[in-house]
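Taking it in order: structure first as structure tokens, then the write-up.
The values are calculated or read from the model by the stated rules, or taken from the named source; none is laboratory data. If you're wondering where the values come from, they're calculated on a predicted model, not measured in any experiment. Methodologically, a virtual Cβ is constructed for each residue, glycine included, from the backbone with ideal geometry; neighbour enumeration extends over all protein chains shown.
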Amino acid sequence: MTHKKSAASIAAFSILAAGAFVALSAGASAATVYSTPGAPVAVTAEPAAGGVQVRWSVPVSTGNLPVTQYIVDGGQGSCPITVAGNTFSAFVPAIAGQTSRSFSVTAANAEGFGSASAPSAAVAPIAATLPTGVLAVGARGVLTSAGGAATFPLKLSAVDRPMAGLRTPSGNGAIILTSTGVIRSFGDASSKPISLGTVPAALVRGFNNDGYYAVGRGGIIVAGGGAPTIASVKLRNPSAIGAVAIRDNAGLWIVTATGQIIGAGSASAGQLPKDRYTAVIGRATGEGFWAITREGQVRSYGDAPAIVGNTDFLATARNFDLDSTGKGFYALGADGSIRAFGGASSIVGASAPGSAVVMAPAPQPDFTDAQILALSDLHGALDYTKSTANGTDTYTGGVAALAANFDRDRQANPATFTVSSGDNWGAAPPLSTAFDEFPTVYAMNIAKFDTSIFGNHEHDKDLAHAKARVNASTFKWVISNYSSLNEVQAKNANNEDVTSWTIVNRGGIKLGVVGLNVPETKETVFPGNLGNISIGDLLDSNSAQAAKVRTQVKAAIQAARNAGADVVITTAHEGYGLMDANSGLPQGRLIDIAPLLEGSDALFGGHSHLKFGAYVGNKLVAETVNAGVFYNRAHLCVDRTTRRTVGMNLQQPLNIWTAPAGTTLGSTGLNADEISSIDNYKSQLNSVYNNVIGSISAVAPNGGNPQVQRQRETALGDYLADIQRKAYGTDIALQNGGGIRDMLPAKTWVPSGVARPTWASAASATPWAVTSSGPYPLTYGDVATILPFGNQAVTTTITGADVWAALENGVSQLTAGAGRFPQVSGLKFTFNANAAVGSRVSSVTLTNGTPVPNSSSVSYSLATNDFMVAGGDGYTMLGGIGKAKTREVLETLVRNAIIEDSKNGPLVISTDGRITRIN
């Protein structure tokens, strides 16, 4: 991705293939060109204990932006690692079964991911020796080993009775907290003694083995071993009995004898069920713990799974320690026996009479990789386009290729998950809309989607329509920012409810998924389609309302984690906008939302139909263009012990499938079930939608990156608005750019036996580019594809002030690529997108040059569609559907106009300068 900023004033815009704007100016000085980084160089890999050490050098070009991350990846079956942009080496831990392989390094900056480096030489990891067994510590430091645990010299004075202990990650040393409040180090835990200076309560391991904390009964906190400092708290009565380091390692839960949870540092306060508590065992995830009651009951908090144990034994146990997998714990009984609870492995014959402290190995990482396939805005684009060149048949787009690609990706990694960020249907070609969108639902079932959210187009019709399609789906539906799920509640074909979060368990990984729909849905669908549902906005200008929504979404994320999710992702129908021409930084609601999703490891967006993939802070954020042309393929690595994602790489492959030229369709490898389903529906459509109604001399542009009909005047927009004004003899006409869903002829409609353009590229800033020459036939299906909503034309009367307000509304959200941009007829207007809100439109005249006053004293007749006049896309100034006169179905009106206009030869349409954009 590249774009420029100019030192002089911007006079015009140009669109680059990657989808960003280039600011151009007359007489400008040399512009700064922003781009993704080049490939890192000099990549080497060396075997290391438990993994591979990879090193590299900075790319030749950083794209004039700082490199924010490097991603090291050895491909599926290895652990991708993400490190900071000022780091030039990384330890890549081995996962089970990993053999010799090469590693590549990718640099990322604010513009996105650069090209991967040349691969290193292939190397194999060296097997690591992990600590085993448990140790018990008695008076004067006497060590008892069980299960093969390594011992080391440990000596305490008679005064320093052992109270708590932690083994070092190697197992060859320990930190001991004594009854006098002194913390002593032994073995390879070489550090000077530290005094707590008060009566001790707990010794706590930092998250991810990052140092330790000693906690006094009165709330004093001392950090050691490199752990970040956390401010002490003040406790009086009851006093602390234990503590747990939380996930960010910047806070502690301090638990009192009555079950009160005090939040120190960044930790939040809480409360256990009312009881008397004697001990706490924190989980390695930093998101939960077990608390032992005086009667020996085990209470779970946060993500700690329920454990049922011997209450008599636990009630009198002297000490506890987490097992190395984080799934359970060991208890040292009053009789010296050591027992395992939960998922901890039993140690036969483990006994240490007279001991006071039990120490299991430090939590050991359990790395594994997974793959996420993410799509958004399919919009019922079910069919492929086929081209032949150089002895190869290439099938581009469509669900037959998509399902085949998904299946091939799944073969590379058993822990593969497939998710959608909404707008699966709606604004779709006839192949979906003519059958009420069910073909798209069935296509997604065949493609084995795991989850989807609702986008705005899932609500193009009423809630009963949406629920019926939920009923037909085999994937789960997730939405986390609706005021209520009651009105959208429905069971899918597997009897699963619509929920605010879900978990998909596959290949040894539990993936948590939450979902967000765009709040502007209320404005972009027909009034009433959402019932009483309101959609919460994390970016609401009302801070109290924003905080409420953030709390609601955060609760969904945390619920997924508490239920055992190893990784949590957010699928959001929110979009990336554009790159800021002055800073090179990404813009848009998707970018602004990312930092607010605490606890979510990645964010997969949609809605704006733009391609984007980068790290925003430390979170992967990705979106691809619409219609299934591309999809996101994220390769990640997670430590299942701490449930910490340590790396995530992103590819955005083109959805194509190739075969030798002339290969029969059934032998190409395309998904046969998808082909069969498409052919069935196409055979039912052919009698009507394949019928030719006219022709056009050249492809009329629409879409692109950004979408031209949402940014400026287009020939197709002019033509559609002119048709409406001419049909009803009105003064003016308005057509929202978002209502124009394809170019003409339509790229996503592939009629049988009708000549089509040969498209130059699958997706770019100019997807209408062709390598063929017109004229091109136009069919019923083309019109149904560009106008798929079934809207009706309407006429009404508005004032001059309404005209100005409508145009101001139409140009108010260009950065977001909103669909409200007005294509007009009977009008000329000038606007500056960079001007202040309410003053972007500077001039409005009729076509003949007569000024349109910004006044309510003059009126004009208007042709538009029922969606806009009802207030959709923010056009509340048009007066409402009640005062409008309903006319023909818009699709029918346009189809008849094409038939009539084609009688004298192919359509020739072009822009005439009725809209002037001066910025």
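So which pairs qualify, if the first residue must be in segment 468-494 and among the small types (Gly, Ala, Ser), the second must be modelled with pLDDT under 95, the Cβ gap must be under 9 Å, and the two must be at least 6 apart or on different chains?
Pairs found: Ala468/Asp436.
Give segment 497-550 a look and list any residue that's among the acidic types (Asp, Glu) and more than 27 Å from Arg469 (Cβ to Cβ), or say none.
If the condition is that a residue be among the acidic types (Asp, Glu) and more than 27 Å from Arg469 (Cβ to Cβ), then Asp540 is the only one that fits.
Give the residue, chosen from Pro439, Pro414, Pro361, Pro430, that is of a type outside the set (Ser, Thr, Tyr) and surrounded by fewer than 18 Cβ atoms within 10 Å (Cβ to Cβ).
None of the others qualify; the one that does is Pro414.
Can you tell me which of (1) touching a residue at least 40 places away in the same chain (Cβ under 8 Å); (2) within 24 Å of Asn481 (Cα to Cα); (3) surrounded by 23 or more Cβ atoms within 10 Å (Cβ to Cβ); (4) in contact with a helix residue (DSSP H, G or I) (Cβ under 8 Å, 6 or more places away or on another chain) is the one Leu610 doesn't meet?
(4)
Please report, ordered by residue number, the strands (runs of 3 or more DSSP E) entirely within segment 311-425 with at least 2 residues that are over 30 Å from Ile569 (Cβ atoms).
The qualifying strands (runs of 3 or more DSSP E) are 319-322, 328-332, 338-342, 355-359, 385-389, 392-396.
Select from segment 75-90 the residues that are more than 22 Å from the chain's Cα centre (by Cα) and hydroxyl-bearing (Ser, Thr, Tyr) and write down the one among them that is surrounded by the fewest Cβ atoms within 10 Å (Cβ to Cβ).
Ranking the candidates gives Thr87 first.
When you scan segment 355-371, how many residues do you find that are touching a helix residue (DSSP H, G or I) at 6+ places or on another chain (Cβ under 9 Å) and either among the charged types (D, E, K, R) or closer than 17 Å to Thr82 by Cα (or both)?
Count: 2.
Name the residue that is nearest to Leu166 (Cα to Cα), counting only residues in segment 241-268 that are of a type outside the set (A, V, I, L, M, F, W, C), under 33 Å from the mean Cα position of the chain (by Cα) and part of a loop (DSSP other than H, G, I, E, B).
Ranking the candidates gives Asn249 first.
Considering only segment 355-369, I want to know if a residue exists there that is within 30 Å of Glu674 (Cα to Cα) and touching a residue at least 12 places away in the same chain (Cβ under 8 Å).
yes
Here is a yes/no grid of residues against (1) at positive phi; (2) of a type outside the set (Phe, Trp, Tyr); (3) within 36 Å of the chain's Cα centre (by Cα):
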{"position": "Ala334", "(1), (2), (3)": "no, yes, no"}
{"position": "Gly342", "(1), (2), (3)": "yes, yes, yes"}
{"position": "Ala350", "(1), (2), (3)": "no, yes, no"}
{"position": "Ala360", "(1), (2), (3)": "no, yes, no"}
{"position": "Ile372", "(1), (2), (3)": "no, yes, yes"}
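From the list Thr278, Thr316, pick out the single residue that is at pLDDT 95 or above, crowded, with 17+ Cβ neighbours inside 10 Å and among the β-branched types (Val, Ile, Thr).
Thr278
Sort out which residues of segment 140-195 are among the charged types (D, E, K, R) and under 15 Å from Asn319 (Cβ atoms), and write them in order of number.
Within segment 140-195, Arg161, Arg167 meet the criteria.
State yes or no: is Pro153 closer than 19 Å to Gly336 by Cβ, over 47 Å from the mean Cα position of the chain (by Cα), in the same structural domain as Gly354 (by TED's automatic domain parsing) and not charged (D, E, K, R)?
For Pro153, the condition - closer than 19 Å to Gly336 by Cβ, over 47 Å from the mean Cα position of the chain (by Cα), in the same structural domain as Gly354 (by TED's automatic domain parsing) and not charged (D, E, K, R) - is not met.
Which strands (runs of 3 or more DSSP E) sit wholly inside segment 7-108 and have at least 1 residues that are modelled with pLDDT under 95 and farther than 24 Å from Ala370 by Cα?
12-15, 21-24, 32-35
Looking at Ala897 and the list (1) touching a residue at least 60 places away in the same chain (Cβ under 8 Å); (2) over 42 Å from the mean Cα position of the chain (by Cα); (3) within 18 Å of Pro822 (Cβ to Cβ), which single condition is not satisfied?
Every condition holds for Ala897 apart from (3).
Quick test for you: out of Ser387, Ser432, pick the one residue that is hydroxyl-bearing (Ser, Thr, Tyr) and in contact with a helix residue (DSSP H, G or I) (Cβ under 7 Å, 6 or more places away or on another chain).
Ser432 is the lone residue from the list that is hydroxyl-bearing (Ser, Thr, Tyr) and in contact with a helix residue (DSSP H, G or I) (Cβ under 7 Å, 6 or more places away or on another chain).
Residues in segment 334-385 that are modelled with pLDDT of 95 or more and of a type in the set (Val, Ile, Thr): how many?
Residues meeting the conditions: 5.
Output the residue which, of all residues in segment 705-722 that are part of a loop (DSSP other than H, G, I, E, B) and touching a strand residue (DSSP E or B) at 6+ places or on another chain (Cβ under 6 Å), is farthest from Asn848 (Cα to Cα).
Among residues in segment 705-722 that are part of a loop (DSSP other than H, G, I, E, B) and touching a strand residue (DSSP E or B) at 6+ places or on another chain (Cβ under 6 Å), the one farthest from Asn848 (Cα to Cα) is Arg712.
Is segment 199-211 home to any residue that is in contact with a Lys or Arg (Cβ under 7 Å, 6 or more places away or on another chain) and assigned to a loop (DSSP other than H, G, I, E, B)?
Among the residues of segment 199-211, at least one is in contact with a Lys or Arg (Cβ under 7 Å, 6 or more places away or on another chain) and assigned to a loop (DSSP other than H, G, I, E, B), which makes the answer yes.
Among all residue pairs at least 6 apart or on different chains, which show Cβ distances below 7 Å where the first residue, located in segment 532-555, is loosely packed, with under 15 Cβ neighbours inside 10 Å and the second is part of a helix (DSSP H, G or I)?
Leu539/Ala546; Leu539/Arg589; Leu539/Asp592; Leu539/Ile593
Restricting attention to strands (runs of 3 or more DSSP E) lying wholly within segment 586-669, give those where 2 or more residues are of a type in the set (S, T, N, Q).
Here the list reads 644-651.
Which residues, counting only those in segment 26-66, are within 29 Å of the chain's Cα centre (by Cα) and surrounded by fewer than 21 Cβ atoms within 10 Å (Cβ to Cβ)?
Within segment 26-66, Val33, Gly38, Ala39, Val58, Ser61, Thr62, Asn64, Leu65, Pro66 qualify.
Please go through (1) in the same structural domain as Gly613 (by TED's automatic domain parsing); (2) surrounded by fewer than 20 Cβ atoms within 10 Å (Cβ to Cβ); (3) not hydroxyl-bearing (Ser, Thr, Tyr) for Asp679 and return the number of the only condition it doesn't satisfy.
Tallying (1) in the same structural domain as Gly613 (by TED's automatic domain parsing); (2) surrounded by fewer than 20 Cβ atoms within 10 Å (Cβ to Cβ); (3) not hydroxyl-bearing (Ser, Thr, Tyr), Asp679 fails exactly one: (1).
Only one residue in Val518, Val549 is within 30 Å of Gly882 (Cβ to Cβ) and either part of a strand (DSSP E or B) or within 20 Å of the chain's Cα centre (by Cα) (or both), so which one is that?
Answer to the check: Val518.
Yes/no matrix, rows are residues, columns are (1) over 21 Å from His379 (Cα atoms); (2) out of contact with any Ser or Thr (no Cβ under 6 Å at 6 or more places or on another chain):
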| site | (1), (2) |
| --- | --- |
| Ser752 | no, yes |
| Ala755 | yes, yes |
| Ala762 | no, no |
| Pro767 | no, yes |
| Ser772 | yes, no |
| Pro777 | yes, no |
| Gly781 | no, yes |
| Ile786 | no, yes |
| Ala793 | yes, yes |
